[in-house]
Structure formats: structure tokens, C-alpha cells
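Below is one structure; the comments refer to it alone.
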Amino acid sequence: MSSLPPAIAVGALYDTFLQNALRQFFSRATFEAEPMLSASSDGRLAIEPSDDPCALTIRWFGTRYTLRVPAHRPFTVHETRFARAIGSVLAARYRAILHPKLMVERGELFRGAIEDRYVGAFLDEEIYATGDREPRADRIAQAIEVLRVAALSSYENRPISTGVLLLESDGTPPAPDRAPVDESLGFTQALTRVKSFFRLVDGVRTLFLVGRSGVLLDIVDVEHWAAQVTGRRPLPAPCPATYQAHALATLDNRHVAIVLSPSHEIKVFAGGAQALAYRHASWTLLDLQRKYELWADAVGNPALAQCLFSSALDLADARHGALFVVLRDPEASVAHLVGAADRLDLAVTASDPATGPTRRDLLSVLTGRRVTDLDPTVLAALASLDGATVIDREGTLIAVGAILRHFSGEPMPESGIVEGARTTAAMSASRFGPVLKISEDGGITFFDRVRVWDM
């Protein structure tokens, strides 16, 4: 029995890798294949947008694929870029396998988890497009690998948190004329064998500073460093309060901040926003700017949208569950959703002196208050109560810690298995306005009659 030529056998394997990766990162998409002869039969890969914003065209090994998403949520610029990053890594590995010289030159390409290579390629748009034998994407993947090792370690029985700021060059702004550094000291797994490595940087306030070539340059206070380098400017999308300095450090430049958080989530910041997160053994492309725009459009009040979205990010980072409901027409819907005992917009009946004050009496201090006027810590405390925080479009609190009624006037907005009570409540409440559901595992979901997005 004759065997397949190596190029075809390897090509079939890598074609499977491509399909699996696209399905993993674009779970809402469907994958359609159409056999065809094309220039891609020689192993060259092309991933391009089509005339349809909901479809990407992929050509490889004589097959044309269409990756298609639902009409209400077309591909974003970041998603298209990430799909191309997946393709660039797989195409580079395919070429290296078939050309021994490339295999020797680019052996780094095969180290570590392949998903980390996708992340590196996404963050380094010039990946493999030049003759650079050590593209920056490899350094990014190498830094992620260091944090993966740190995540498996502990110091004095405490989990490790740490982080690194990867510069786009080998200079060290804002002090490029500092004394020379030891160029033999790279930010590699070898550092994790040094106990002090786990105490020098906490990832929240301090970061290792690493040049483009991978040399360890310094240890910096990220807030002070970002203020000196980029100044204090608005970010393109909300960010967890704890990590605003990390996002600011990457604004309007090609620096990348990678953090292993105290909750053992790997967070990646680029372009002034958190771009990716690694939790529950998988990477998620966050695309915060686009998701925030969809949320803000639904809320219709920019200040309120930003307040609730920022609070949701902080709650998710702290692993606190919550539910924010913004009612479009409170007069018509609040009675269907919130019981009279939970409503702050109704007059409080006098409590019985014999039994003392009630929960409603306590919450009366919030009557007429707007969430945009509350300190973020106060809003977070209210949202973390069991139940939902219900608000009108002006931001006025209608209920806090409310157990929502399940409106039965029409079918549920989507079928399938519901994961829990908070999800059921969010889906039901979304008939009356946009809803943000924050899960205790760090995920956030936006409902507006349908599930709009997850992250």
C-alpha cells in the first residue's frame, strides 16, 4: 500500500489544525468547505475578508473555506487579525517541517503551546512576513511560557502573581541613556529556578521590563512608568481599575504587558486595552472596544454604559458574580420583573417597632440615587449582593439585590441548556433592556433579547 507524499500528509494534518483552531477561537462561527483548485494548492495560505462582513474566506491546499458568523455580530477587525495570526503560525510551521534549514533556523517556533504562538502572532502583525529569524512574536510566546511555569509554582505556600512589560525596542524609555545591561540575562524559563524571581515583581504594581530581543532590562513601577511614558490619557475601552496603568503603558505604541494575576489568569494588554485572557485552560480574544461599543449603543447613555461596564470588569476580576439590568421603559416593565418589596421607587411602609428595621428600610438610603454618582467601590458592594441591580436609562437605582421574576408572557429568547439561576434571570430580564451578567469564574455575558457576546 503506497503512502502519501510527505507534503500532502503534513498538509492534511495542518489543515486539520487550522480548522480546529478556528472553531476553538470562533465558537459562534460555522465552517463551510468547498473543494477547488487554486494557487493555494502548493501550501500557501490566504485568509481574507469577503464582501460579506459576516464571512472570512480561507484558501489552503486546494480547498476554499468560509468561516461565517451570525448577522447580528459580524467579524471585527481584531477577529480578522486573529484568524490571520492563526494562519500565519500554521503556515510557518508547515514550511519549516518541509525545509530542514528553516527548521534549524526557526526551532523556537515549535516550542511551547501552539495557542501561545497564535497570541504572539496576533500581537506582532509583522510575524513571519520578514526574514527576521527571531520575530518579536517568539519573544511574546516565550514570556507567556515563563508565566505558565510561574502559575504552577508557589512561594511559601502562596500562589505566584507576576508580570512583564515587553518593549517594542531594546531601549528603556524614559531613560534610554541608562548604563548598559547584561545582555546575557534573558527573560526565559531559567529565571523561574531562582527563588527571588517570584518575589521581585507582583504583576499588579511592578513588572519586569524586557527589550525586543528578550533581554531583561529593569524592574519598574507600572503606574509611574506609564505616567512618564504615555501620560494620563483616556483609554480606548474601559479596563479593570487594578490594571489601568498596564493598559496605559501600551497606549499608542507597540509595547505589550503580560500579567499572571493573583487569580491565576494570564492577562495580555496591547493598544491601550486588555486584548486577551487565559483562564480555564484556554485563550479568549476579548475585543473589549467593540464589545463595549455594542453595550453602549444598547444602553443609550454613555456615562451609565461606561460606569456599569467598568464595574462589571472589576467584579469579574475579583471573581464576584453580579447582574446589571437597564430597563428601557421602567413604567411598563418594572412590575413584571421586580417585586414591590424590592423596589426603591415605591414608598416605604412604616416598619413594626416590635420587629425592628427591615432590609427595605436599610436600602432606603439609596432611594433616588444614580449609579453614576456612586463611588466605584460602593457600586461594586451593591452589585455583589445576592440578586440583581436594576436601573433605568438615566442611571437611577430601581432595585438592589432583587430576586427577579421570570416573565412568562412570551417564549425564552433562546433555547438550550441554561447553566444556572443567574443566566436564567439574565435571559428573562433582557426582554426589558440590556443586561450584563458577571460570573464568579471571571466571565461576562451581554444579553439584549439574545446572547450578544461573551468574554
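The values are calculated or read from the model by the stated rules, or taken from the named source; none is laboratory data. Since this is a predicted model, take the numbers as computed values, not measurements. As a convention, Cβ positions derive from the backbone with ideal geometry for all residues, glycine included, and neighbour counts pool all protein chains shown. Surface accessibility is based on the protein's heavy atoms, side chains included, excluding ligands, DNA and RNA. Shrake-Rupley method; radii C 1.70, N 1.55, O 1.52, S 1.80 Å.
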Inset, instruction - Among the strands (runs of 3 or more DSSP E) lying completely within region 1-119, list those that include at least 1 residues that are at pLDDT 90 or above, open to solvent by 60 Å² or more (accessible area, probe 1.4 Å) and in contact with a strand residue (DSSP E or B) (Cβ under 7 Å, 6 or more places away or on another chain). - result: 30-35, 46-49, 63-68
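Criterion first (out of contact with any strand residue (DSSP E or B) (no Cβ under 9 Å at 6 or more places or on another chain), part of a helix (DSSP H, G or I) and more than 22 Å from residue 401 (Cβ to Cβ)) does residue 332 satisfy it?
Details: out of contact with any strand residue (DSSP E or B) (no Cβ under 9 Å at 6 or more places or on another chain): yes; part of a helix (DSSP H, G or I): yes; more than 22 Å from residue 401 (Cβ to Cβ): yes.
Criteria met by residue 332.
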Inset, instruction - Go through region 431-455 and give me each residue that's without any contact (Cβ under 8 Å) to a residue 40 or more places away in the chain and part of a strand (DSSP E or B). - result: 445, 447, 451, 454
Inset, instruction - Being open to solvent by 50 Å² or more (accessible area, probe 1.4 Å) and modelled with pLDDT under 95 narrows it down to one of 303, 281, so name that one. - result: 281
Legend entry - Within region 350-400, tally of residues that are among the β-branched types (Val, Ile, Thr), within 29 Å of the chain's Cα centre (by Cα) and open to solvent by 70 Å² or more (accessible area, probe 1.4 Å): 1
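Can you pull out every residue in region 168-194 that is surrounded by fewer than 20 Cβ atoms within 10 Å (Cβ to Cβ) and at pLDDT 85 or above? Before you say what the answer is, go through the steps one by one.
Within region 168-194, the first condition is being surrounded by fewer than 20 Cβ atoms within 10 Å (Cβ to Cβ), and the residues that meet it are 168-186, 188-194.
If the condition is that a residue be surrounded by fewer than 20 Cβ atoms within 10 Å (Cβ to Cβ) and at pLDDT 85 or above, then 168, 185, 186, 188, 189, 190, 191, 192, 193, 194 are the ones that fit.
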Inset, instruction - Output yes when any residue across region 366-377 is among the aliphatic types (A, V, I, L, M) and at pLDDT below 85, and no when none is. - result: no
Legend entry - Of residues in region 219-272 being at positive phi and touching a residue at least 24 places away in the same chain (Cβ under 8 Å), the one most open to solvent (accessible area, probe 1.4 Å): 264
